[in-house]
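**Q** Quick one: this structure, given as structure tokens, is what I'll be asking you about.
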Amino acid sequence: MARSNEPAFWSLFSAGGMVAAFLIPAAILITAYMVPQGKIDAEQLRIVMDHFIARLLLLAMISLPLFHWAHRFRFALVDLGIKNAKLPIAILFYGTAAGSTICAAYLLLPPIFS
Amino acid sequence: MTNRTGNTTTTERQLIRKMPANWWLKKPAYLRYMIREMTCLFVGGYAMFLLMLAARLDKPEAFADLLASPLAIALQWIALPMAIYHSVTWFNLTPKVLVIWRGEDKLPGFLIAGAHYAGWLAVSAGLIYFAMSGGTDG
């Protein structure tokens, strides 16, 4: 059988699905309800998110769900009948996830980049 | 080419039927499947929103402005039910992916899914507690 990079993308899809399932609903409650309603001060949240541990968590919450999106949406488009641009779509979607990961790492891990 | 029973099998026969573009509207189960797959747009969209917040971590005013943006709040309120739908469908599938054997018996699926639901509750409470309590003591 030909070697495939499918398992790597599936692992990222799976890890992203898990991170999203556990963390995103509560995160939306914080950013869309608790902060606008004044239950959490925006400046206080910014200070919390600035901590190193929080930065690592934030990086995981940005990168992995984007790989989850890339993988799932790629196959959803095939299900919807878009079948003749598989390679460009894969490059665009995984590229978006990879590019955003690099961008997030650059923003969130300054000690490594400076 | 012959198979195990000795009959000749045809190779590469084209038997692909064209699917109508709206096949997923034909049955409630197909529609639920398509909604589940489309939750990824909201999961990915929220990750992009977090990236925008990350870009404003050292700009207090811009950070607060983004969180106060009516458009951002509206989009997140649309994303919330989709994110919850993702969580529920994801945890409901965990018994299919994670099979735990105890001696001769499989651990029942509801226990595996149930453990994930309990974890979801604990992690959500922890994240909210972290967001509420942090900043004051550190």
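The values are calculated or read from the model by the stated rules, or taken from the named source; none is laboratory data. Predicted, not measured: the structure shown is a model, and the values here were computed from it. Neighbour counts run over all protein chains shown; Cβ positions are idealised from the backbone, glycine included.
**Q** Counting only residues that are exposed (fewer than 15 other Cβ atoms within 10 Å of the Cβ) and either within 11 Å of chain A (Cβ to nearest Cβ) or in contact with a Leu (Cβ under 7 Å, 6 or more places away or on another chain) (or both), how many does the stretch B:102-122 have?
**A** Looking only at that region, the number is 3.
**Q** While we're here: Assuming A:Glu6 fulfils every condition listed in (1) acidic (Asp, Glu); (2) facing chain B (nearest Cβ under 7 Å); (3) farther than 13 Å from B:Leu67 by Cβ apart from one, which condition is it?
**A** (2)
**Q** What are the residues in the stretch A:18-40 that are free of Cβ contacts under 8 Å to residues at least 12 places away in the same chain, more than 8 Å from every other protein chain (Cβ to nearest Cβ) and not small (Gly, Ala, Ser), if any?
**A** Answer for the stretch A:18-40, where residues must be free of Cβ contacts under 8 Å to residues at least 12 places away in the same chain, more than 8 Å from every other protein chain (Cβ to nearest Cβ) and not small (Gly, Ala, Ser): A:Tyr33, A:Gln37.
**Q** If you go through the stretch A:74-86 one residue at a time, do you hit one that is within 19 Å of B:Ala54 (Cβ to Cβ) and either modelled with pLDDT under 95 or in contact with a helix residue (DSSP H, G or I) (Cβ under 8 Å, 6 or more places away or on another chain) (or both)?
**A** no
**Q** Additional query: Condition first: facing chain B (nearest Cβ under 7 Å) and within 27 Å of A:Pro110 (Cα to Cα). Now tell me which residues in the stretch A:52-74 satisfy that.
**A** We begin by selecting, within the stretch A:52-74, every residue facing chain B (nearest Cβ under 7 Å); these are A:58, A:61-62, A:65-66, A:68-69, A:72-73.
Listed by number, the residues that qualify are A:Leu58, A:Met61, A:Ile62, A:Pro65, A:Leu66, A:His68, A:Trp69.
**Q** Just for helices (runs of 4 or more DSSP H) wholly inside the stretch A:6-114: which have at least 2 residues that are crowded, with 19+ Cβ neighbours inside 10 Å?
**A** Passing ranges, in order: A:6-28, A:42-50, A:52-79, A:86-108.
**Q** Now, a different point. Report, by residue number, each residue of the stretch B:37-48 that is surrounded by 21 or more Cβ atoms within 10 Å (Cβ to Cβ) and either β-branched (Val, Ile, Thr) or more than 7 Å from chain A (Cβ to nearest Cβ) (or both).
**A** B:Thr39, B:Phe42, B:Val43
**Q** Just to be sure I understand, how many residues within the stretch A:26-41 are closer than 30 Å to A:Ala98 by Cβ and in contact with a Phe, Trp or Tyr (Cβ under 8 Å, 6 or more places away or on another chain)?
**A** Looking only at that region, the number is 4.
**Q** Please report, ordered by residue number, the helices (runs of 4 or more DSSP H) entirely within the stretch B:18-116 with at least 1 residues that are closer than 16 Å to A:Pro25 by Cβ and of a type in the set (D, E, K, R).
**A** Fully inside the stretch B:18-116 and qualifying: B:28-54.
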